[in-house]
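Just so it is clear, none of the values below were taken in a lab; they were calculated from the coordinates. None of these values were measured; they are calculated from a predicted model. We place every Cβ from the backbone using ideal geometry, glycine too, and count neighbours over all the protein chains shown.
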Amino acid sequence: MNKLLLLGDEAIAQAGIDAGMSGMYAYPGTPSTEIMEFVQASPEASSGKIHREWSANEKTAMEASLGMSYAGKRSMVAMKHVGLNVAADGFVNAAITGVNGGLIVIAADDPSMHSSQNEQDSRFYGKFAFVPVFEPSNQQEAYDMVFDGFELSEKYRVPVMLRITTRLAHSRSGVARRKATPQNELTLPSDPRQFVLLPAIARKRYHSLLGIYESIREEKISSSYNVYTKRGDKRLGIIAFGLANNYLAESYRDSEIPYSTLKIVTYPVKDSLFNEIAKGCEEILVLEDGYPIMEELLKGILPGGKTIRGRLDGSIPREGELNPDIVSKALGLPVMIGSEIPSVVKMRPPSFCKGCGHADMYLALMEALGDYTPGRVFSDIGCYTLGALPPYNAINSCVDMGASVTMAVGASDAGLVPSVSVIGDSTFTHSGMTGLLDAVLKNSPVTVIISDNSTTGMTGGQRSAATDRIESICLGIGIDPQHLRVIIPLRKNHDENVSIMKEELCYKGVSVIIARRECIQTATKKKKSEATRKDNQ
Amino acid sequence: MRNDIILSGVGGQGILSIAAAIGLAAVDNNLYLKQSEVHGMSQRGGDVQSNLRISDSPIASDLIPLGTASIIISVEPMESLRYLPWLSETGWLVTNSVPFINIPDYPAQDQIISEIKKVKNHVILDADAIAKDAGSARSGNMVVLGAASHYIDLPYESIKNAVAKLFRKKGEEIVAVNLKALEAGRSFKMG
């Protein structure tokens with residue numbers, strides 16, 4: 001059969017379409033974005049009428065996905081790891097309600113923080129919520145696990161997590177497709193109170209969830225992915241989780257692995273597998289991408305057990321993504337190194353695109369703030385976070401989606417007046433609006449700059465839920481129309497923009513300044529596609 | 001057969017088109033392939049790379065181990081040097097000579113050129129000028145691919161077909177220009 005060449009993200013998307021998914025929900029976030037993008041572009045998804053609009057944030061995506069499951073249909077929801085923090089309330093409680101139609105939650109982790117604020121490990125959330133986790137080691141497994149994930153989800157009526165990392169999300173390989181499954185019919189849950197988590201019902205459901213979680217350890221649909229291979233050399237046993245299996249195989253590319261190995265790609269794991277490998281070897285090496293979750297579990301807290309090597313004893317670095325060289329070194333195998341990077345090579349951090357409106361907004365803001373002491377600009381997650389870098393050095397925080405508004409409120413409460421928030425349009429509708437309501441309710445002396453490039457820029461230009469709505473949202477929340485200003489961040493408007501910002505900085509209440517100019521990337525793309533269209537006419 | 005290729009450049013310079021062309025050609029020859037890309041923040045003018053592995057036997061890791069890459073293909077000279085720890089002793093470095101300067105401390109060009117010349121097997125060419133002569137200043141990436149094609153274990157015909165396939169959607173004219181750029185890179189000889 002012909003294989004498709006797909007990114008890990010795309011393999012998951014294609015599998016969702018093939019496995020009879022009726023709805024895909026997501027908010028863009030690296031490295032998960034391409035899952036939804038693939039579904040949106042798919043002609044099969046279009047003919048199957050699969051719902052596939054971006055959600056306002058990960059929490060709304062999670063809940064919409066649960067709603068589709070309630071109605072008996074299969075759905076997937078995708079987010080980056082920190083997005084799962086936003087969706088956590090829905091996620092943890094979806095385990096208690098259980099599902100009706102199959103529900104897969106895709107959490108895309110980013111060890112080494114290629115494009116994130118932290119490297120949290122979503123497997124913790126799986127354990128925390130008693131949700132089974134699939135952790136594919138390659139693109140084909142990612143595809144297959146969507147099919148089996150749906151089956152597991154519907155058999156036990158629980159959500160299933162698919163945990164991937166950047167390396168798999170953004171790496172391409174051949175994937176063989178399975179025969180497509182039709183979508184489910186609309187069917188309501190047989191127990192009308194299943195989703196009503198009043199304490200009396202929740203207690204029962206929680207009790208049953210704990211039982212289900214234990215049963216899943218032995219369940220073939222998931223546990224057949226985990227493979228114990230017994231080999232002769234008893235000095236070491238290797239337990240490799242997810243992607244680490246590839247690095248292990250790479251380390252022994254030209255020879256046979258001498259030690260017994262245990263490949264784990266689904267959780268929870270039955271204890272007997274661990275016991276079996278431990279019994280037959282003197283020491284254990286644990287290879288896992290992310291936190292040393294399983295290593296800690298295997299080690300326990302009391303002394304006297306078997307020697308377990310991994311991230312906790314320094315055999316593997318405590319932080320950061322695994323790679324074949326780290327694994328080879330831990331196995332005592334030679335690591336070749338080419339020549340060193342010459343000292344003339346300089347760092348090349350990301351920067352604003354040439355002609356970016358955020359840059360002009362910052363130039364105006366820096367001048368407008370010239371008379372104040374520094375340290376009062378709270379920013380947020382998006383391209384405009386690059387205002388932290390030279391030559392701007394314009395912002396003092398970047399924490400989580402929406403924190404610019406609420407941190408400015410708190411700092412102004414403490415006496416830092418004026419406090420300034422800089423937030424993007426998509427981030428504003430994701431999680432900035434509720435913070436703005438806090439500010440309005442107490443009339444905080446803050447100036448909120450919404451740097452509106454009319455797209456979700458950092459992740460590649462997805463639709464922004466804020467487009468054409470920011471003014472009405474702000475007025476609806478209660479911003480005084482006198483202090484809702486709109487500027488166009490262009491060099492030629494610099495002086496005018498500075499004076500508008502100065503006026504609002506003096507105001508002892510909430511002001512919103514919308515700095516609106518289309519993202520230079522999406523504007524160029526639009527121009528190009530219009531030109532191609534004209535050429536083809 | 002196994003080629004481990006590192007593609008490098010600056011976000012927005014088109015290294016993923018090179019990767020896609022080699023990838024298509026590899027699939028055309030029924031080879032295994034793994035290609036790791038950089039998406040997200042670095043694409044905004046930062047350094048970007050792609051690990052592209054093709055082989056006639058299954059490939060385990062998405063990442064290339066240190067000291068084993070057979071080629072570095074770079075559309076920017078300073079970026080070509082960033083990945084030397086991955087290049088094998090017998091590997092080739094093929095790079096554009098035209099710098100992309102978007103940082104204040106970009107080194108002097110002759111320093112970079114002299115470091116590139118220290119690599120035993122290297123090809124350095126002004127891909128921008130060659131592309132311009134071939135008809136499109138924006139096809140420098142295809143010129144670099146053409147120059148590197150000698151060191152990739154794929155039939156040149158397959159690479160040509162892949163480039164044609166890659167640009168087909170954009171019209172015949174764009175296909176022709178890119179094929180011309182590829183050819184010009186292929187026939188480049190170090191002076």
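Sites listed here are GluC sites (Glu not before Pro) in segment A:281-328 whose DSSP assignment is loop and whose Cβ has at most 13 other Cβ atoms within 10 Å: A:GLU282, A:GLU319. Modelled this way, with points 7 Å down the Cα-to-C-beta line, the labels at A:ASN118 and A:ALA180 are 4.1 nm from one another.
Highest GNM mean-square fluctuation among B:ALA137, B:ALA162, B:ALA25, for chain B modelled with Cα contacts below 10 Å: B:ALA137. Net charge near B:GLU79, counting Lys/Arg +1 and Asp/Glu -1 over other residues with Cβ under 10 Å of its Cβ? Taking every other residue near B:GLU79 into account, the sum is 0. Among residues other than B:ILE130 whose Cβ falls under 14 Å from its Cβ, what is the net charge (Lys/Arg +1, Asp/Glu -1)? For residues surrounding B:ILE130, the net value is +1.
If R0 is 25 Å, the Cβ-Cβ spacing of A:LYS3 and A:VAL227 corresponds to a FRET efficiency of close to 0.65. Look at where the Cα atoms of segment A:352-383 and of segment A:124-188 average out, and the two centres are 42 Å apart.
Among beta bridges identified by DSSP and lying wholly in chain A, the antiparallel ones come to about 15 percent.
If you average the C-alpha positions of segment B:116-165 and of segment B:2-16 separately, how far apart do those two centres end up, in angstrom? Each part's Cα centre sits 12 Å from the other's.
Around the Cα centre of segment A:52-109, unit charges on the Cβ atoms of Lys, Arg, Asp and Glu (plus for the first two, minus for the last two) sum to a dipole of about 180 debye. In terms of the mean number of neighbouring beta-carbon atoms within 10 Å, the peptides A:241-251, B:61-71 order highest first as A:241-251, B:61-71.
Taken one residue at a time, the phi angles of segment A:421-432 give Karplus couplings (6.51, -1.76, 1.60, θ = phi - 60°) of 10, 10, 9, x, 5, 6, 5, 4, 6, 5, 8, x Hz. Gly and Pro are set to x. In chain A, a dipole from Cβ-located charges (positive for Lys and Arg, negative for Asp and Glu) runs towards its positive end, and of A:VAL131, A:VAL158, A:GLY387 it is A:VAL158 whose Cα lies farthest in that direction.
In this structure, the amide hydrogen of B:ALA69, modeled 1.01 Å from its nitrogen in the peptide plane, lies closer than 5 angstrom to those of B:LEU87, B:SER88, counting only residues at least 5 positions away or on a different chain. Near the amide H of B:GLN49, within less than 5 Å, lie the amide hydrogens of B:VAL38, all on another chain or at least 5 residues away, with H placed in the peptide plane.
Centroid-to-centroid, using Cα positions, segment A:228-306 and segment A:310-344 are 18 Å apart. Determine which residues of segment A:243-274 fall in the zone a paramagnetic label at B:ARG2 would reach in this model, i.e. backbone nitrogen under 11 Å from the point 7 Å along Cα→Cβ. Answer for segment A:243-274: A:250-255.
With a cut-off of 15 Å between beta carbons, the residues surrounding A:LEU209 carry a summed charge of +4, where Lys and Arg count +1 and Asp and Glu -1.
A simple rule links phi to the HN-Hα coupling: the Karplus curve 6.51 cos²θ - 1.76 cosθ + 1.60 with θ = phi - 60°, which for segment A:196-202 gives 9, 8, 5, x, 4, 6, 4 Hz, with x for Gly and Pro. Only one residue of A:SER397, A:VAL196, A:SER343 has its Cα farthest out toward the positive end of the dipole of chain A, where Lys and Arg carry +1 and Asp and Glu -1 on Cβ, and that residue is A:VAL196.
When the Cα positions of B:SER114, A:LEU7, B:GLY91 are compared along the charge dipole of the protein assembly as shown, A:LEU7 comes out farthest toward the positive end, with charges on each C-beta of Lys, Arg, Asp and Glu.
In the Gaussian network model of chain B, springs joining C-alpha atoms below 10 Å, which of B:PRO58, B:PRO155, B:PRO104 carries the largest mean-square fluctuation? Most flexible of the set in this elastic network: B:PRO104. Stretching A:MET347 away from A:TYR507 to a fully extended chain increases their span by 53.5 nm, per 0.36 nm per residue minus the current alpha-carbon distance. Based on C-alpha pairs under 8 angstrom that are at least 6 apart in sequence, chain A has a relative contact order of 11 percent. Taking amide H as placed 1.01 Å from N in the peptide plane, B:ASP126 has its amide H under 5 Å from the amide H of B:SER97, each at least 5 places away in sequence or on another chain.
How big is the dipole moment of chain A about its Cα centre under a simple scheme where the beta carbon of each Lys and Arg is +1, that of each Asp and Glu is -1, and everything else is neutral? Debye, nearest 20, please. Magnitude of the dipole: close to 720 debye. For segment A:69-82, 3J(HN,Hα) computed residue by residue from phi via the Karplus equation (6.51, -1.76, 1.60; θ = phi - 60°) reads 5, 3, 7, x, 9, 7, 8, 10, 10, 10, 7, 7, 3, 5 Hz, glycine and proline entered as x.
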